Amino acid sequence: MANLESTKASLTTAEQLAREELIDMVPYQSARRLFSSANSTEEKIWLNANEAPGNGEYQLSAENLNRYPDFQPSNLLDAYSEYCGLAKEQLLATRGADEGIELIIRSFCKAYQDSILICPPTYGMYAISAENHGAGIVKVPLISADLTLDLAGLKQQVGKVKVVFLCSPGNPTGNLLPQAQIIEAIELFKDSAMVVVDEAYIEFSPEDSSAKLLNEFDNVIVLRTLSKAFALAGLRCGFTLANKDVITLLSKVIAPYPISAPVAELASNALTSDLNKMLEQVQSSNKLRGQLALWLTEQGWCKQVFASDANFVLFRCHSEQDKNQLFDLLVSNNILIRDQSKQLQLENCLRISIGSEQEIAKLQQLLSSY
Ligand SMILES: Cc1ncc(COP(=O)(O)O)c(C=O)c1O
């Protein structure tokens, strides 16, 4: 008893009042939390967050900042509707795709009752957002041989989960999921769960989008972002694509003014007058990715290069020692990549985001000295 009292006494007021499960919860270790861009005098090469290299200057008119923006700025929705070929009623603009993930979980999962399903290795925010909300997490790992869906495993979870997160192209794996498998998963869960296809990287292989499935199925949601191919990660702008009833529901949960006026203005320009910048960016990134992947296969320390349909390459080293030494060699030379070795099935794996040609050349030059 005395022990319990002394533990309680050592807690701050906030810790005593907070939801207990948050006290020990580890937040998402984003690339910028692991390596902050502040407090550094040295120039860094950022290849750890799958951003695009710089895409030029953006001009803002920044008028009417004394007024709240529209709930969903019409210039932005018009631009995205034109870009993706869906009606405005099928779109919700959010603060990055990350906010879309959170809204979906909060809208479909009752806290401490319902669960989401993820297919690891996969993007970390699905689990973090679920944990934050008090939703359970069911895991059906990707099939290790080719990193595709374990449909038999998914079938066993029908009726037990409310939201299924698929990531295509996958992060950190890089590969697209076969369209036939995505359709099969949607059909499996058609009466019991929403199937979310996270397409944060779809611009790097646009013909494989699942957005067209929205017209066929009621239980599909597609997530998109301007953070990757559009080179606008700093803007925090993403889109949830779904049928009207889903968008109506999510609109009840989102903050009242999620998109600031400057964000709406810059994002609509990127989607219209500046669209070619993105297309050029994708072309050069895909070319560079092919060259880097080939080069990696030729290195003695590289055991495996994963096929990628996105703007990064995942590779496996022969040993943990190689993995650690390669990572440290790059960090000590101010080049930051991402260690993925703690993810299921990804022992000794590192992930390199495709930066500029000069950045990738510098990385190759350094790694050649290992
Ligand atoms: C698969 C995936 N989904 C969503 C996101 C989040 O994107 P945003 O910057 O739009 O929040 C990321 C970012 O790395 C990602 O890799």
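The values are calculated or read from the model by the stated rules, or taken from the named source; none is laboratory data. Model, not experiment: these values are computed from the prediction. Glycine also receives a Cβ, built like all others from the backbone with ideal geometry; neighbour counts cover every protein chain displayed.
Among the listed residues Ala180, Ala267, Ala261, identify the single one that is touching a residue at least 24 places away in the same chain (Cβ under 8 Å), of a type in the set (Gly, Ala, Ser) and either within 16 Å of the ligand (Cβ to nearest atom) or more than 29 Å from Pro69 (Cα to Cα) (or both).
Ala267
If only one of Ser308, Ser273, Ser341 is under 19 Å from Arg32 (Cα atoms), part of a loop (DSSP other than H, G, I, E, B) and among the polar types (S, T, N, Q), which one is it?
Sole residue among the options that is under 19 Å from Arg32 (Cα atoms), part of a loop (DSSP other than H, G, I, E, B) and among the polar types (S, T, N, Q): Ser341.
Considering region 185-205 alone, what residues qualify as being closer than 19 Å to Thr173 by Cβ and not in a loop (DSSP other than H, G, I, E, B)?
Ala185, Val195, Val196, Val197, Asp198, Ile202, Glu203, Phe204
Taking Ala229 as the residue in question, decide whether it is in a loop (DSSP other than H, G, I, E, B), at pLDDT below 95, within 16 Å of the ligand (Cβ to nearest atom) and among the aliphatic types (A, V, I, L, M). I'd like the intermediate steps shown before the answer.
On the way: in a loop (DSSP other than H, G, I, E, B): yes; at pLDDT below 95: no; within 16 Å of the ligand (Cβ to nearest atom): yes; among the aliphatic types (A, V, I, L, M): yes.
Here the answer is no, as Ala229 does not meet what is asked.
Quick one: Ala127 ticks every box in (1) among the aliphatic types (A, V, I, L, M); (2) within 21 Å of Pro258 (Cβ to Cβ); (3) within 13 Å of the ligand (Cβ to nearest atom) except a single one, so which number is it?
Result: Ala127 fails condition (2) only.
The rows are residues; the columns are (1) within 28 Å of Gln281 (Cα to Cα); (2) in contact (Cβ under 8 Å) with a residue 40 or more places away in the chain; (3) small (Gly, Ala, Ser); (4) buried (at least 20 other Cβ atoms within 10 Å of the Cβ).
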| position | (1), (2), (3), (4) |
| --- | --- |
| Gln29 | yes, yes, no, no |
| Asn48 | yes, yes, no, yes |
| Asn64 | no, yes, no, no |
| Ala93 | yes, yes, yes, yes |
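Scan region 211-226 residue by residue and report those that are assigned to a loop (DSSP other than H, G, I, E, B) and surrounded by fewer than 23 Cβ atoms within 10 Å (Cβ to Cβ).
The first filter runs over region 211-226 and keeps only residues assigned to a loop (DSSP other than H, G, I, E, B), leaving 216-219, 226.
Within region 211-226, Glu216, Phe217, Asp218, Asn219 meet the criteria.
Could you please give the count of residues in region 133-170 that are away from the ligand (no atom under 16 Å from the Cβ), of a type outside the set (Gly, Ala, Ser) and in a loop (DSSP other than H, G, I, E, B)?
So the count comes out to 10.
Taking the condition of being under 17 Å from Ala293 (Cα atoms) and either at pLDDT below 95 or not polar (S, T, N, Q) (or both), how many residues in region 347-362 meet it?
Residues that pass the stated criteria total 11.
Condition first: within 14 Å of Asn175 (Cα to Cα) and surrounded by fewer than 22 Cβ atoms within 10 Å (Cβ to Cβ). Now tell me which residues in region 305-321 satisfy that.
Result: Val305, Phe306, Ala307, Asp309.
Do you know which residues across region 292-305 are in a helix (DSSP H, G or I) and either in contact (Cβ under 8 Å) with a residue 40 or more places away in the chain or not assigned by TED's automatic domain parsing to the domain that holds Gly355 (or both)?
Leu292, Trp295
In region 186-208, which residue that is in contact (Cβ under 8 Å) with a residue 60 or more places away in the chain and over 12 Å from Ala229 (Cβ atoms) is surrounded by the fewest Cβ atoms within 10 Å (Cβ to Cβ)?
Top of the filtered list is Asp208.
So Pro178 passes all but one of these: (1) surrounded by 15 or more Cβ atoms within 10 Å (Cβ to Cβ); (2) of a type outside the set (Ser, Thr, Tyr); (3) more than 14 Å from the chain's Cα centre (by Cα). Which condition number does it fail?
So the condition that Pro178 fails would be (1).
Could you tell me whether region 316-329 includes any residue that is more than 17 Å from Leu232 (Cα to Cα) and assigned to a loop (DSSP other than H, G, I, E, B)?
Step one: filter region 316-329 for residues more than 17 Å from Leu232 (Cα to Cα), giving 316-329.
Checking the rest, the ones that are also assigned to a loop (DSSP other than H, G, I, E, B) come to 318-319.
Yes - at least one qualifying residue is present in region 316-329.
Could you list, in sequence order, the residues of region 140-177 that are within 17 Å of Ile101 (Cα to Cα) and either in the same structural domain as Arg338 (by TED's automatic domain parsing) or of a type in the set (Lys, Arg) (or both)?
Selection gives Lys162 alone.
Taking Thr173 and the conditions (1) away from the ligand (no atom under 12 Å from the Cβ); (2) part of a loop (DSSP other than H, G, I, E, B); (3) crowded, with 24+ Cβ neighbours inside 10 Å, which numbered condition does it fall short on, given that it satisfies the others?
(1)
Here are some residues: Gly100, Gly134, Gly85. Which one is touching a Cys at 6+ places or on another chain (Cβ under 9 Å) and at pLDDT 95 or above?
Criteria check complete, one pass: Gly134.
Tell me the residue from Ala31, Ala49, Ala79 that is within 16 Å of the ligand (Cβ to nearest atom) and at pLDDT 90 or above, please.
Ala49
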